[in-house]
């Protein structure tokens with residue numbers, strides 16, 4: 001590799017949605033530096049997403065216990081990476097522990113927001129002005145630019161675009177006895193963050209009922225934690241929905257999502273996956289702010305009431321009514337879906 005070609009190790013996020021949004025940074029780097037080499041250090045499970053990003057050469061698996069410092073393991077990995085010849089590290093998380101591996105690996109340029117007082121571990125420290133960079137994806141992009149570069153407006157941020165393999169899609173359809181003979185509505189009623197991001201199950205059930213009546217098929221997707229909610233939605237529709245929550249791996253979920261005629265989702269990782277697959281999308285926001293983590297695609301609409309109490313960014317409604325989601329009617333969401 002030529003001395004003039006940069007070799008990046010990007011410390012990736014540990015959330016599905018954030019990892020999807022990180023692709024905007026990878027694309028931006030490649031557009032400016034076509035010969036740059038990009039590796040991503042992130043948990044092994046993110047391979048389901050990172051492997052679909054052609055800008056990334058390799059995923060370096062960070063198999064550390066979540067929430068633990070794992071100092072010895074981080075030192076060991078950092079030493080092992082010294083021979084890789086990385087020229088630049090970009091740290092997307094703001095945590096202290098995320099800065100250990102690049103420092104131990106002796107990567108010459110280590111860029112990140114100051115975060116948890118990471119003096120000494122970073123040598124290209126940026127101070128985060130949340131007003132200047134309101135969106136998560138803008139903050140990611142900024143770390144790949146020089147300190148004095150202007151803020152990249154969202155209209156100039158490259159959208160994530162995940163690749164899908166047709167053979168893999170065919171295999172997962174067969175494995176789950178699914179068919180493409182009808183239009184597909186994918187509903188994603190879960191959200192890892194908490195109840196304040198979850199549109200009521202009865203609203204999802206009403207939405208499913210409408211589309212089933214229009215001759216669509218309805219797939220309910222999510223993790224095993226979302227299975228009870230998905231079962232409730234299907235039961236309310238005489239079990240006419242395909243309950244896939246907890247039955248598919250993340251790679252399989254991505255493949256199936258790519259077939260959707262329409263996706264309706266809470267603000268979740270699956271929402272960002274749907275956007276990165278360019279699926280028509282209605283994104284439902286309650287306690288969170290679409291001005292902070294919007295779907296990064298052209299064919300989406302946001303369903304949000306904009307009450308005075310939202311966004312509160314709380315896991316549970318502090319007012320104990322959840323009106324930001326309860327009062328968002330299925331009829332309104334159906335009307336919005338016609339716009340995508």
Listing 255, 224 by rising number of other beta-carbon atoms within 10 angstrom, fewest first, gives 224, 255
Among 141, 38, rank each residue by its count of other Cβ atoms within 10 Å, from fewest to most, as a rough exposure measure. 38, 141
Please give the contour-minus-distance gain from residue 178 to residue 308: 0.36 nm per residue of separation, less the Cα-Cα distance, rounded to one decimal in nm. 42.5 nm
May I ask you to derive the relative contact order of the chain, considering only C-alpha pairs under 8 Å and at least 6 residues apart, and to give it as an integer percent? 15 percent
Listed residues 220, 69, 319; largest mean-square fluctuation, Gaussian network over the chain with Cα springs below 10 Å, found at 319
Rounded to the nearest 0.05, what FRET efficiency do residue 94 and residue 155 give with R0 = 30 Å and r taken as the Cβ-Cβ distance? Could you check? 0.70
Work out how far the C-alpha atoms of region 166-251 reach from end to end along every principal axis, then list the three figures in whole Å, largest first. 38, 30, 17
A correct fewest-to-most ranking of 152, 315 by other Cβ atoms within 10 Å would be 315, 152
What is the distance in Å between the Cα centres of region 55-74 and region 95-155? 18 Å
D for region 119-207, whole µm²/s, Stokes-Einstein with Kirkwood Rh over alpha-carbon pairs at 37 °C and 0.692 mPa s: what number? 180 µm²/s
Using only the Cα atoms of region 7-156, build the gyration tensor, take square roots of its eigenvalues as a ≥ b ≥ c, and label the shape rounded, prolate or oblate: rounded if a/c is under 1.5, else prolate if a/b is larger than b/c, else oblate. rounded
For region 270-285 and region 173-212, what is the separation of their Cα centres, given in Å? 13 Å
Quick one: go through region 177-205 and flag any residue whose amide nitrogen is under 11 Å from the point 7 Å out along the Cα-to-Cβ line of residue 247. 177-179
Simple spin-label model, 7 Å along Cα-to-Cβ: residue 75 to residue 334 in nm? 6.3 nm
For the chain, set up a GNM with springs between Cα atoms under 10 Å and report which of 219, 15, 199 has the largest fluctuation. 15
Quick one: length gained pulling residue 128 to residue 82 fully straight, 0.36 nm per residue minus the C-alpha distance? 13.7 nm
Could you give the semi-axes, largest first, of the ellipsoid that matches region 67-181, computed as the square roots of 5 times the alpha carbon gyration tensor eigenvalues and rounded to whole Å? 33, 23, 14
Test of understanding: in a Gaussian network model of the chain with alpha carbons linked when under 10 Å, which of 197, 225, 174 would top the mean-square fluctuation ranking? 174
Once the Cα gyration tensor of the chain is diagonalised, what are the square roots of 5 times its eigenvalues, in whole Å and ordered largest first, as equivalent ellipsoid semi-axes? 37, 22, 18
A chain fully extended from residue 109 to residue 148 at 0.36 nm per residue, minus the present Cα-Cα distance, gains in nm 12.4 nm
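Laboratory data are not the source of any read-out in this text; all were calculated from the coordinates shown. Since this is a predicted model, take the numbers as computed values, not measurements. Every residue, glycine as well, gets a Cβ built from its backbone with ideal geometry; the counts of neighbours run over all protein chains shown.
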